[in-house]
Amino acid sequence: MKITIALGPFLPAPPGAAGAVERIWGEVVPHLVDAGHVVTVISKKLEPGETFSEKPGLTWIELPGYDRTGSVWKDMMLDAVFSRRVMKALPTSDVVVANSFWLPVFASRKRNRQYATVYTMQRFPKKHFKLYTKLDAVLAVSSAVADALDAIVPELSDRTHIVPNAINTAVFRVAGPVGSDTGQTVLYTGRLHPEKGVHLLVEACARLAESNDNVKLRLVGVSATEQGGGGQEYLDRLGQLAGDALVMEVVPPVFDREALADTLRGCDVYCYPSVADRGESFGVAPLEAMAVGCPVVLSGLACFKQFAEDGKTALVFDHRGGDPV
């Protein structure tokens, strides 16, 4: 089968500064090729000096992309321009997999199309999904997302399939004890953005540090608005919440998967405090932490129920409560 996977305009596939969706496809594509499929991946251009991995049966098409602007409407316009470029670059395909906002519309409504259009649904649906009724299949990453889609566009229910995100268990695995030298290090990996609830984590750790000076917090992720972070204003807010008592380290994201697994193994507690009830759809980052053996603390989002059970596989807290501790 000839499969074309088109990524979005803002992040390239690995080895570039990929996000969760791009990393997942980077892991899945080699398996599709090994299964005998001919795969083309359309991605934002890599930085000079970076190259995509080569494999017989796999073709990469690089297109000019964009940085996020911080404005939803501007980003949607840029997505539309990029999606038009993707449509012009589409090779002959049996299946086209879309991962952005406008491409599912353009690809599924093309006249006389000879391919099936599949959309990978990584976020909770909004009313714009009514534009997607011509899709041949929707791959929802959790039952919570599938249920939300059914409530908005019930005519897609018989074409919606729950396919949870995957992680590479050859990389993210138990490889001996986990933990830091102090036994008091809390770790978060992901975008430093208000919807991720990082401020709740900082406030909680700051209060713990008032009575325990061994508590340390490490935040690993992007903060710049053009990369999906909350920007300098949010970083300043986190610094104010940390105060003088909490030792807090903010470091850039770790894109190398082996290095990220080692980073996870170096913490004593991993916390993913997302408050995005209608934005968080699955949660690859905490699943990676669980896979290496970290004790994991999660907010009470419905999507986490796909893989986490309170008191057994994770500790779940009420992110809607007033007290972060």
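The values are calculated or read from the model by the stated rules, or taken from the named source; none is laboratory data. Remember, it's a predicted structure, so these values are computed and weren't measured experimentally. Neighbour counts are summed over all protein chains in view; Cβ atoms, including those assigned to glycine, are modelled from backbone coordinates with ideal geometry. What goes into the accessible areas is simple: the full protein's heavy atoms, side chains included, and nothing from ligands, DNA or RNA. Shrake-Rupley method; radii C 1.70, N 1.55, O 1.52, S 1.80 Å.
The table below lists the values:
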| quantity | calculated |
| --- | --- |
| Segment 1-118: C-alpha gyration tensor shape, a/c 1.5 cut-off, then a/b vs b/c | oblate |
| Rounded FRET efficiency, nearest 0.05, which uses the C-beta distance separating GLU50 from ASP147 and R0 of 30 Å | 0.15 |
| Nearby lysines by direct alpha-carbon distance to LYS2 (threshold 16 angstrom, same-chain neighbours under 8 apart not counted) | LYS55 |
| Zone of LYS110's modelled label, taken as backbone nitrogen in segment 59-100 under 11 Å from a point 7 Å along Cα→Cβ | 84-97 |
| Structure-based [θ]222 nm, the chain - -39500 (n - 2.57) summed over DSSP H runs of at least 4, per residue, nearest 500 | -8500 deg cm²/dmol |
| Peptide ranges 88-98, 138-148, 177-187 listed from the most packed, as the mean C-beta count within 10 angstrom indicates | 138-148, 88-98, 177-187 |
| Lys, Arg +1 and Asp, Glu -1 on Cβ, resulting dipole of the chain about Cα centre, debye, nearest 20 | 1560 |
| Only Lys, Arg (+1) and Asp, Glu (-1) charged, at Cβ; segment 168-241 dipole about Cα centre in debye | 280 |
| Vicinal HN-Hα couplings computed from phi for segment 300-305 (Karplus, 6.51 cos²θ - 1.76 cosθ + 1.60; Hz; Gly/Pro x) | x, 6, 4, 5, 5, 5 |
| Out-of-range pairs (alpha-carbon distance over 18 Å; input LYS127/LYS196; LYS45/LYS88; LYS74/LYS110) | LYS127/LYS196; LYS74/LYS110 |
| Karplus 3J(HN,Hα) series, Hz, for segment 185-191 with 6.51 cos²θ - 1.76 cosθ + 1.60 (x for Gly, Pro) | 9, 9, 10, 10, 10, x, 5 |
| Phi-based couplings in Hz for segment 66-71 (Karplus 6.51, -1.76, 1.60; Gly and Pro marked x) | 9, 8, 5, 9, x, 10 |
| Whole-number percent relative contact order across segment 24-103, with pairs defined as alpha carbons under 8 Å at least 6 apart | 24 |
| Mean Cβ neighbour count within 10 Å, used as a protection proxy, ranking 238-248, 264-274 highest first | 264-274, 238-248 |
| Pairwise centroid distance, computed over Cα atoms, of segment 231-285 with segment 77-155, Å | 31 |
| Convex hull (Cα only) mean projected area of segment 59-117, reported in nm² to one decimal | 4.3 |
| Taking the chain and dividing mean pair separation by its residue count, relative contact order in percent (alpha carbons under 8 Å, at least six apart) | 15 |
| For HIS193, residues with placed amide H under 5 Å, excluding near neighbours | VAL198, GLY230 |
| Computed magnitude of the charge dipole of segment 36-141 (debye, nearest 20; Cβ of K, R +1, Cβ of D, E -1) | 660 |
| Ranked order, HIS193, HIS161, HIS319 - accessible area, probe 1.4 Å, largest first | HIS161, HIS193, HIS319 |
